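Structure first, then comments.
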Amino acid sequence: MTPPGEEALARLTDRATKTHRTLFAAIPDEEIRATRASLRRLLTELDRHEGAPGKR
């Protein structure tokens with residue numbers, strides 16, 4: 001990545017972090033972690049199911 005690209009990514013990451021903190025301030029961190037874990041499991045199962053022959 002070029003230096004300007006690295007700078008742009010750093011600015012974007014910082015802004016996204018601040019936005020996420022604002023949006024999810026009322027939700028406990030543990031609930032967010034649990035929800036993310038559940039979504040990952042659901043997506044993994046969906047990918048596994050859709051990847052099976054004849055399932056698409």
### Query
Using beta carbons and a limit of 8 Å, which pairs, at least six apart or on different chains, have the first residue in region 30-56 and among the basic types (Lys, Arg) and the second one modelled with pLDDT under 95?
LYS55/HIS49; ARG56/GLU50
### Query
List the pairs whose first member sits in region 1-17 and is loosely packed, with under 10 Cβ neighbours inside 10 Å, whose second member is of a type outside the set (Ser, Thr, Tyr), and whose Cβ atoms are under 9 Å apart, counting only residues at least 6 apart or on separate chains?
MET1/LEU9
### Message
Anything in region 19-35 that is surrounded by 10 or more Cβ atoms within 10 Å (Cβ to Cβ) and either assigned to a helix (DSSP H, G or I) or polar (S, T, N, Q) (or both)? List them, or say none.
### Response
THR19, HIS20, GLU31, ILE32, ARG33, ALA34, THR35
### Message
I'd like to know if region 49-56 contains one or more residues that are part of a helix (DSSP H, G or I) and open to solvent by 100 Å² or more (accessible area, probe 1.4 Å).
### Response
no
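The values are calculated or read from the model by the stated rules, or taken from the named source; none is laboratory data. Note that the structure is predicted; figures quoted are calculated from it, not measured. Here Cβ is always computed from backbone atoms with ideal geometry, including for glycine, and neighbour counts include all displayed protein chains. The accessibility values were calculated without ligands, DNA or RNA, using every heavy atom of the protein model including side chains. Shrake-Rupley method; radii C 1.70, N 1.55, O 1.52, S 1.80 Å.
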